[in-house]
Structure formats: structure tokens, C-alpha cells
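As C-alpha cells, the structure follows; a few thoughts come after it.
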Amino acid sequence: MSVTIKELSDVEYVVPGSAACAGCPSTIALRIVGKALGENAIMLMTPSCAVASIGLLPKSCYSLPVLNICFASAGASAGGLTLALDALYEKGRFKGEKPTVFNWTGDGGTYDIGLQGISAAAERNDDIIHFCFNNEAYSNTGVQRSGATPLFASTTTTPAGKQMPKKNVAQIMLEHRVPYVATASLAYPQDLYRKVEKAKGIRGFKYIEIHAPCYTAWKFGSADTVEVSRLAVQSGAWLLWEAENGKLSFNALTAQIASGKKEPIPLEEYLKTQGRFSHLMKNPKKEEFLAQMQRELKAELAALRHRAEFKPPEEE
Ligand SMILES: Cc1ncc(C[n+]2csc(CCOP(=O)(O)OP(=O)(O)O)c2C)c(N)n1
Ligand SMILES: [Mg+2]
């Protein structure tokens, strides 16, 4: 049974003093993640909005132990920390429940600069949760494009729109044969909470990617973060799924879209909320571009549907 919003813990792990923009999706997501993980957790952060907004020393807006690490080392640092804790337990120098070791990393840190180390940690099956808050750009350094920036989105390094489609790191993680991979959305907080709680109870490498519409980078109103997140799922631009030991299933509204029970809303309804796509809306070839984007999304859903039919051998 899923937890209701009313039942969520009152304890906050993002506390006053944050310098994040009002309506920052990373901060909203981290509040929910903190409630699901509880206080027995250690957070590692690579350079990102979450680090830039941490506050001035000696204060911190996060009431968890935090390690600021360099970009490329998310996999190695979290992997080393969790192994060090295991060694302390083995020697009897640590008692009680092992803290959850987790990375809180942007798409730049996950898709691009940190991918090699994260892939290595996944392959070693290090006992960590890697969270990617995916705002589809390098937001805190001035909105440069990342590997997660979708086709045709305008950024400061792709002012006329990115010409390549995004890669899909959640699917790449799935093929590392790790025990748990999931995607999540701010508009579905109970689904996110459930996934984090589940990951906490699994030993080994867990990957959770949270769609994080950033109003400064994507150019929409600061009050609309959750609404834009919802439109992404409703239009099929963001898919909610999870895979436990390789077995993939769709979640929440995406389950209905994937099974054909519900039609996604037109992609344009989602795109037109964001200034980063305004050049498309004015373009005489708009319909052609929209069709190309739609094909990309259909291909992603088709690949995942196909993957959902795969049954790990022991279940045959
Ligand atoms: C090795 C290295 N290269 C570049 C930088 C500069 N830098 C700091 S944060 C950042 C972008 C991070 O993007 P992302 O991980 O998506 O986080 P966001 O800013 O979107 O929250 C960059 C390029 C750095 N700190 N270290
Ligand atoms: Mg980013």
C-alpha cells in the first residue's frame, strides 16, 4: 500500500537556509527522498545546483551528513564509503543499522562527467543508491546542454535547439544487471517515496532518476514546477517505470499509457509551457519537428515495452 501525503514524516532534511531558487525541483525531490530514507543516511553530492544552494559555512541546508565530492568520483566515493562501513561492521567497530549511502547528483554529473565511475560502481554492485535529479541541463553553471537535454531544446550552448536526441542512462543502468532501477517524477510523490523506500531495503546498487523541470533553465513560471512535471508524464515525454532484478514494470499513469488504456496528451501541451521550445512553436516546420520528437518518444516506449516482456530465467 502506498503512503499518503498525510502520513509522510514531519522531519525535514532540507532545512531553512537553502539558497536554491524558489520552486527548485532538486530541493522538492530531496525533501521527499529525505523523508523516505530517514536520518540514518549519508549523502554525497557532486557539483550541481544542490551544492551551489547548500548555504554559507558553517551552516548547511541539509540536516544529513554531506560529503561534497568531485564530479567524476560519485561512483568511487560512495562505493568506497559503503565498503568502509562494511569493514567497520565486520570488525565489530560499528553496531546498529547500516546507514544508507547515497549520491545526489545532477544529469551533468550522471550522464556525462561521472558516468564512467557510476558504471563501475554499478558493475561492482556497490551497496549505494545513486539518485540522478535530471533537469536536462547543466543548470547551475548557466544552462549548458547535457547528454540528457532532449532533442530541439534550446540551451546556452544549443541556442537554436539541440540537434541530437538525449541518451537514456536509466536504461543503460538496467543493462548493468543491478538489483533496482527506477524513474520518478515530482508530480507523483507517492510513487517516488515508494521507490526510495524500496531501494533502501535492497542491498547492492540502486539507481533512481527523478525528472526535475528547472524553471530557470526551461523558462517557465517558478510556481509551475510540479505542473510541468505532470505534463511530462501525461504527454509521455517522461516515463515512470521500475525494474527489480531486471524485471521491468510501468508505474502510475505511464502504466495506463503503456498498456493503451489511456492516450497521452499531445506533446505540444507539454512543450508550449517552456521557453526552451519557443523557437519550435514559431517555426514553419513545427509539425515536422514535433513528429520527429514524437517518434523519439514512441521508440523509447516501444523499447521499454519490449524490455517489460523479458522474464529473468529463474521465473520461466
Ligand atoms: C570536472 C569539472 N568540470 C566542470 C565543473 C564545473 N561545473 C560545476 S557544476 C556543473 C554542471 C552540473 O550540471 P548537473 O550535474 O546537471 O547539475 P545542475 O547544475 O543541473 O544541478 C559544471 C559543469 C566542475 N566543477 N568540475
Ligand atoms: Mg542538471
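Scan the range 142-151 and tell me whether some residue there is among the polar types (S, T, N, Q) and over 18 Å from Ala74 (Cα atoms). Looking through the range 142-151, at least one residue is among the polar types (S, T, N, Q) and over 18 Å from Ala74 (Cα atoms).
From the list Gly106, Gly92, Gly75, Gly96, the one residue that fits, being away from ligand 2 (no atom under 16 Å from the Cβ) and buried (at least 24 other Cβ atoms within 10 Å of the Cβ), is Gly75.
In the range 136-161, the residue that is surrounded by the fewest Cβ atoms within 10 Å (Cβ to Cβ) out of those that are of a type in the set (A, V, I, L, M, F, W, C) and more than 10 Å from ligand 1 (Cβ to nearest atom) is Ala160.
Take the range 114-145 and flag every residue that is within 11 Å of ligand 2 (Cβ to nearest atom) and either closer than 21 Å to Leu192 by Cα or in contact (Cβ under 8 Å) with a residue 40 or more places away in the chain (or both). Result: Cys132, Phe133, Asn134, Asn135, Glu136, Ala137, Ser139, Asn140, Val143. In the range 221-255, the residue that is surrounded by the fewest Cβ atoms within 10 Å (Cβ to Cβ) out of those that are in contact with a Gly (Cβ under 7 Å, 6 or more places away or on another chain) and within 17 Å of Glu136 (Cα to Cα) is Ser222. Residues in the range 257-274 that are surrounded by 14 or more Cβ atoms within 10 Å (Cβ to Cβ) and part of a helix (DSSP H, G or I): Ile257, Ala258, Leu267, Glu268, Tyr270, Leu271. Taking helices (runs of 4 or more DSSP H) as the structural unit, those lying wholly within the range 33-125 and holding at least 3 residues that are over 17 Å from the mean Cα position of the chain (by Cα) correspond to 74-90, 115-124. Selection within the range 14-52: residues that are polar (S, T, N, Q) and closer than 23 Å to Leu81 by Cβ. The member of this set that is farthest from ligand 1 (Cβ to nearest atom) is Asn40.
Examine the range 1-14 for a residue that is among the polar types (S, T, N, Q) and touching a Cys at 6+ places or on another chain (Cβ under 9 Å), and state whether such a residue exists. No: the range 1-14 contains no residue that is among the polar types (S, T, N, Q) and touching a Cys at 6+ places or on another chain (Cβ under 9 Å). Regarding the range 293-306, can at least one residue be identified that is closer than 16 Å to Gly161 by Cβ and hydrophobic (A, V, I, L, M, F, W, C)? Looking for residues that are closer than 16 Å to Gly161 by Cβ and hydrophobic (A, V, I, L, M, F, W, C), one finds at least one in the range 293-306, hence yes.
Read-outs throughout are calculated quantities, based only on the coordinates presented, and are distinct from any laboratory measurement. All values reported here derive from a predicted model rather than from experimental measurement. Backbone-built Cβ (ideal geometry, glycine too); neighbour counts: all protein chains shown.
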